[in-house]
Amino acid sequence: MHGRIDTASRVIQASPRALYQAFINPESLASWLPPKGMSAHVDLFEPRKGGRYKLTLTYESEDAVKGKTSENTDVSQGVFLEIVPHKKIVQSGMFDSEDPAFSGEMVQSWYFEAVSEGTKVTLICENVPIGVRKSDHLDGLNSTLNNLAAFMEELK
């Protein structure tokens, strides 16, 4: 493992409970998780400790970066390591890729912390594959958090 850690956070005007629900509902997750320029399909989703997941992200633009799994897709699958309702979700995942630069297990930890303005959502990605450029990854993480904020705003 290469040990790179990328992190992003944002305060969202919603309760930790509402944000947790947006994460564990696969239809909701598919609508806000993909970064700008991508769409998502949840192939398998068992949000419980030891439960598995499989997610396909599709690049919408033809000029997009080449996908990790195919020309325009990134497929990742893994397992939920820990779920603490309304507080924390930890998952371990791997990209389906023949390129060794995208191999290895990445651990994503989502934290939901109540603050006076709403909830501070922090995402920490550990052991980020070396093929994922840091600047692209940080842009994607921040795009996802912005999508989540917009999704929660629409629910109001």
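The values are calculated or read from the model by the stated rules, or taken from the named source; none is laboratory data. This is a predicted model, so every value here is computed, not measured. In this analysis, Cβ positions are derived from the backbone assuming ideal geometry, glycine residues included, and neighbour counts consider all displayed protein chains.
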Quiz item: Within the set of pairs 6+ apart or on separate chains, which have a first residue in segment 131-148 that is farther than 22 Å from L19 by Cα, a second that is modelled with pLDDT under 95 and of a type in the set (D, E), and C-beta atoms under 8 Å apart?
Solution: G131/D99
Quiz item: Which of the residues spanning segment 125-149 are of a type outside the set (G, A, S) and in a helix (DSSP H, G or I)?
Solution: K134, D136, H137, L138, D139, L141, N142, T144, L145, N146, N147, L148
Quiz item: Does segment 69-79 contain any residue that is loosely packed, with under 15 Cβ neighbours inside 10 Å and among the acidic types (D, E)?
Solution: yes
Quiz item: For M1, which of the numbered conditions (1) within 22 Å of N127 (Cβ to Cβ); (2) at pLDDT 95 or above fails to hold?
Solution: (2)
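Among the residues of segment 85-144 satisfying the criterion of being among the basic types (K, R) and closer than 20 Å to N25 by Cβ, which is nearest to the chain's Cα centre (by Cα)? Give the derivation first.
Narrowing segment 85-144 to residues among the basic types (K, R): 87-88, 120, 133-134.
Going one step further and asking which of them are closer than 20 Å to N25 by Cβ, we end up with 87-88.
Numbers: K87: 16, K88: 13 Å.
Ranking the qualifying residues of segment 85-144, first place goes to K88.
Let's see how each residue does on (1) farther than 24 Å from S9 by Cα; (2) at pLDDT below 95; (3) not in a helix (DSSP H, G or I); (4) not acidic (D, E):
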{"residue": "R48", "(1), (2), (3), (4)": "no, no, yes, yes"}
{"residue": "Y53", "(1), (2), (3), (4)": "no, no, yes, yes"}
{"residue": "K66", "(1), (2), (3), (4)": "yes, yes, yes, yes"}
{"residue": "V90", "(1), (2), (3), (4)": "no, no, yes, yes"}
{"residue": "S97", "(1), (2), (3), (4)": "yes, yes, yes, yes"}
{"residue": "V107", "(1), (2), (3), (4)": "no, no, yes, yes"}
{"residue": "L123", "(1), (2), (3), (4)": "no, no, yes, yes"}
{"residue": "F151", "(1), (2), (3), (4)": "no, no, no, yes"}
Exercise. Could you check, for segment 85-95, whether at least one of its residues is charged (D, E, K, R), surrounded by 16 or more Cβ atoms within 10 Å (Cβ to Cβ) and touching a residue at least 24 places away in the same chain (Cβ under 8 Å)?
Key: yes
